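All remarks here apply to the structure that follows.
The values are calculated or read from the model by the stated rules, or taken from the named source; none is laboratory data. All figures in this text were calculated on a predicted structure; none of them were measured in a lab. Positions of Cβ are backbone-derived with ideal geometry, glycine not excepted, and every protein chain shown enters the neighbour counts. Surface areas here come from the heavy atoms of the whole protein model, side chains and all, with no ligands, DNA or RNA. Shrake-Rupley method; radii C 1.70, N 1.55, O 1.52, S 1.80 Å.
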Amino acid sequence: MKRQPIVALAQIRYFESENNNLEKIKEYIRLAKKKRADIICFPESCVHKTKVLDFDNEMVNEIKKECCKNKIWCIINDSMKIKGEKYNASIIINREGKIVGEYRKMNLYGDGEDFRSGKKVKVFKTDFAKIGIAICWDLAFPELFRKMKKLGTQIVFCPSQWKYELCAHEGNKYENKHKDGERALLESLIRSRAFENLFYVALINPILKDKDQVNYSAIVSPHKILAQINEKEGLITAKIDLSKIEKLHKIYNPKKVI
């Protein structure tokens, strides 16, 4: 297993000229490969503007082919129909262009009444690390991350489309800078999840014009931000030192090393 994989996050601007982001997703897969990334993760609801997809959708198949061409892992997320039910789900594609797993959002918020919530915490073994997935509002539930840790997770990817309520920042120092306040909250959440569990967390949002959308993405270790991007489209990457997790466990929990 590679001890220092490179992870990439694509903070892309959604639906600039089409009702899907297929060509942009393929472009960023190629760009991540040039950066020698082992995996690239895209934000929540990244493929199509309105359609509910399935695993055999033509656009999903195109993305699978691009992963195979570039020999890179990929996580995409969208509204998915699984066994006749509608879920907010992330798909994991391996270097051979095969879907090797999916995670269904467990904690729904703003997804619509016709969505079902996922029931299973999942960890996926790749050729570079054990990874977990949380989707957007899942980030607010520390017990989900603790369960992933117990299953051996080393990196958690969090595709998001993080929006906020304007009234939530009334009466505090960010009252006139709502987005700054929510970004500060979001950063504190991912850093807390990473420190609590001594693993890496990679949060990825899109770029949207909505005034309540937080256009911020970051890759964090238990102690610091490794890479971040705010209010602009782009790719960020970070080298993940998996051996650091073992060292931190010896420091903080010397009687039980995971």
Note to self: Compute, for segment 12-75, the length of the dipole vector about the Cα centre, with Cβ point charges of +1 (Lys, Arg) and -1 (Asp, Glu) only. Units Debye, rounded to 20.
What the structure shows: 460 debye
Margin query: Using a Förster radius of 41 Å, what is the FRET efficiency between Lys34 and Glu165 based on their Cβ-Cβ separation? Nearest 0.05, please.
Written below: 0.55
Item checked: Residue-wise HN-Hα coupling along segment 74-79, computed from phi with Karplus coefficients 6.51, -1.76, 1.60 (Hz; x: Gly, Pro) -> 8, 10, 10, 9, 6, 6
Checklist line | Cα-based reach from Lys33 at 12 Å (exclusive), listing aspartates and glutamates while leaving out same-chain residues under 8 positions away | finding: Glu66
Item checked: Lys/Arg +1, Asp/Glu -1 at C-beta; segment 1-155 dipole; positive extreme among Asn94, Phe42, Gly112 -> Asn94
Notebook entry, point to check: Among the lysines, which fall within straight-line cross-link reach of Lys34, defined as a Cα-Cα distance under 16 Å, with same-chain neighbours fewer than 8 residues apart omitted?
Noted result: Lys24, Lys26, Lys69, Lys71, Lys239
Check: Amide H to amide H under 5 Å from Ile82: which residues, 5+ apart in sequence or cross-chain, H placed 1.01 Å off N in plane?
Finding: Tyr87
Checklist line | the chain, relative contact order [Cα under 8 Å, separation at least 6], % | finding: 21 percent
Margin query: With a 1.4 Å probe and all protein chains left in place, how much accessible area per residue does segment 38-147 have, in Å²?
Written below: 44 Å²
Notebook entry, point to check: Near the amide H of Val156, under 5 Å away, which other amide H atoms are found, from residues 5 or more places off or on another chain, if H is placed in the peptide plane?
Noted result: Gly132, Tyr200, Val201, Ala202
Check: Per-residue HN-Hα couplings for segment 209-223, Karplus 6.51 cos²θ - 1.76 cosθ + 1.60 at θ = phi - 60°, whole Hz, x for Gly and Pro?
Finding: 7, 3, 5, 9, 8, 8, 8, 9, 9, 7, 10, 10, 9, x, 10
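About the Cα centre of the chain, how large is the charge dipole given +1 on each Lys and Arg Cβ and -1 on each Asp and Glu Cβ? Please answer in debye to the nearest 20.
On the way: 50 positive and 34 negative charges, 306 e Å.
In total the dipole reaches around 1460 debye.
Is there a quick way to get the dipole size of segment 1-120? I mean about its Cα centre, with the Cβ of Lys and Arg at +1 and of Asp and Glu at -1; what is the value in debye to the nearest 20?
The calculated dipole for segment 1-120 is roughly 760 debye.
Is the C-alpha gyration tensor of segment 7-104 telling us rounded, prolate or oblate? Criteria: a/c under 1.5 is rounded; beyond that, a/b larger than b/c is prolate, otherwise oblate.
Verdict is oblate for segment 7-104.
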Note to self: Expected output is a single nm value to one decimal: the length gained when fully extending between Lys81 and Glu143, i.e. 0.36 nm times separation in residues minus the C-alpha distance. What is it?
What the structure shows: 19.6 nm
